[in-house]
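What follows is a single structure, written as structure tokens, with notes after it.
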Amino acid sequence: MAQLLTDLHLADLHALAAGAGIDRYRLLPRARLVESIEARIPAGDLEARIAGLATAAAGDAAAAAAAGSGSAASARRSSSRARSSRSANRRTDTAEPARKGAAAPVATQAEVTTPDEVAVPEDPDKDEVSGLLHLRGQGSRPFGFVYPGGFERTDEAAYVADVLVEEAGLRPADLVAGTVEQEADGRRILTSVTRVNGADPEAARRRPHFDRPVSVAPQLRDMLAPRRDDVVGRAVALLAPLVRGQRTLVVAGDADRRAALVRAVARPVVASRRAHVVVAAIDPDAARRQAWAELLAGSLAELHGGPDAGTTGASPVARGFSLAAFALERARRLAERREDVVLVLDDLTILEAGLASATADEADVLAALANASRVLPGGGALTVIAAAADSDDPRSSIVVASETMAELAVDPLRTRLAGESYLREPRDLARATQLREKLAAMHPAEASAWLVGRIGATSSNHQLLAGL
């Protein structure tokens, strides 16, 4: 009998537990749920109830088939509504009164928006929560917490049992909205999920996995779209334009120069609103974190680890690895929604310096970041911009900070586009090659001054290249 129960779908186990009057069955791990059902329902009665579940499922399938192709979709919708109704009844059976509260927005440290406005139904007997999911635990049955503060934990965090994680198909860094109960000891427990990343939970269960589809070739698109007077943005768009589904490294030995340049590269991407931008402020310097908050204020970007974020008592290296891993998962969840996503990591140097003493999981974070960029079949892409002290990665485009001329801030001789020969159209490639050859014939300071002058004298990069 135990094997019959183990083979059942989680929803059927919940139906049996509800019928048997088992308290708080939604929060029980599967093994304990099976044991509780066996202990509560006599063997003969249990076998009959399991057979009844199978008969009902077969009847539903036969009804759907008999309805024909014209009403198949309607039958599926009815079945989905029935499942939703059963879930709602189960939640009502086990709910306890809790304080009333308003849905909390996902907090980043700038005025930023979430993927969709999260609407949680009003219920005077329920508290509500909206935040990003942090999963914990090893193996195939992780539990988690919803943090309304995004990356940072707050007093409004809600516990998510492993059984609910499995039932709702939740993944790390999902934007989860739902209802919570508050225990006598003050703990808040998520009891139902109403939205996942702004979508219906049923749609979230059917979404693709970021790592499973075979990625398609990166695509050169004008994601920067810099203003006419944005000298750095236009220089980068000329020499190392952002490639959809590829990584761009911003390289500078000096920390202040590196921080300023990566913000300058990200600025036109944020302003263009052509992609959902996720920024991980790994650099612990408070002034640089504040600069990110000011850059992203009022934009569609998400900032994690901003100036208002706590240190959680962790070392800068440990915090950096944790933040980078979380931001990567957040970017993956958005890409799974068929969105174009740009993940910005403001300083990999801290992680690279701590690699010698890093745990195996922390070391895996750097490897995952190096291989994260991709274009997904059917839509959606993840593009990475990361700052580093140095790099010789041939797969990444490189934007190198200038050591000679602060006005340009970009070294026009060492900045390069990875895979330029197959990414650019033949005519554009010929013009880009002509520009590089012209710059290479000059002294670095002369090359920088000439490029600044040409950018100032033209209204667009197209006009600049056409005039060569």
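Structure data summary
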quantity: Selection status of Val176, modelled with pLDDT of 85 or more, in contact with a Gly (Cβ under 7 Å, 6 or more places away or on another chain), among the β-branched types (Val, Ile, Thr) and closer than 27 Å to Arg289 by Cα; calculated: yes
quantity: Subset of region 226-241 [surrounded by fewer than 22 Cβ atoms within 10 Å (Cβ to Cβ) and either at pLDDT 95 or above or assigned to a helix (DSSP H, G or I) (or both)]; calculated: Val231, Ala237
quantity: Among residues of region 7-42, those that are at pLDDT 75 or above and hydroxyl-bearing (Ser, Thr, Tyr), counted; calculated: 1
quantity: Residue match in region 295-309 (condition: part of a helix (DSSP H, G or I) and surrounded by fewer than 23 Cβ atoms within 10 Å (Cβ to Cβ)); calculated: yes
quantity: Options Arg319, Arg337, Arg333: the member that is assigned to a loop (DSSP other than H, G, I, E, B) and in contact with a Pro (Cβ under 9 Å, 6 or more places away or on another chain); calculated: Arg337
quantity: Residues (at pLDDT below 90 and in a helix (DSSP H, G or I)) located in region 423-468; calculated: Pro444, Ala445
quantity: Residue match in region 265-280 (condition: closer than 12 Å to Ala401 by Cβ, over 20 Å from the mean Cα position of the chain (by Cα) and either assigned to a helix (DSSP H, G or I) or outside the structural domain of Arg424 (by TED's automatic domain parsing) (or both)); calculated: yes
quantity: Positions within region 377-414 being buried (at least 18 other Cβ atoms within 10 Å of the Cβ), closer than 21 Å to Ala327 by Cα and modelled with pLDDT under 90, in sequence order; calculated: Gly380
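For every residue, the table says whether it meets (1) under 30 Å from Ala335 (Cβ atoms); (2) touching a residue at least 24 places away in the same chain (Cβ under 8 Å).
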position: Val375; (1), (2): yes, yes
position: Gly379; (1), (2): yes, yes
position: Thr383; (1), (2): yes, yes
position: Val399; (1), (2): yes, yes
position: Thr415; (1), (2): yes, yes
position: Glu425; (1), (2): yes, no
position: Ser448; (1), (2): no, yes
position: Leu465; (1), (2): no, yes
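Residue-wise test of (1) touching a residue at least 40 places away in the same chain (Cβ under 8 Å); (2) touching a Phe, Trp or Tyr at 6+ places or on another chain (Cβ under 9 Å); (3) under 23 Å from Arg221 (Cβ atoms).
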position	(1), (2), (3)
Val265	yes, no, yes
Arg273	no, no, yes
Val278	yes, no, yes
Asp285	no, no, no
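The values are calculated or read from the model by the stated rules, or taken from the named source; none is laboratory data. Quick caveat: nothing in here was measured; it's all calculated off a predicted structure. FYI the Cβ positions are ideal-geometry reconstructions off the backbone, even for glycines, and counts take in every protein chain you see.
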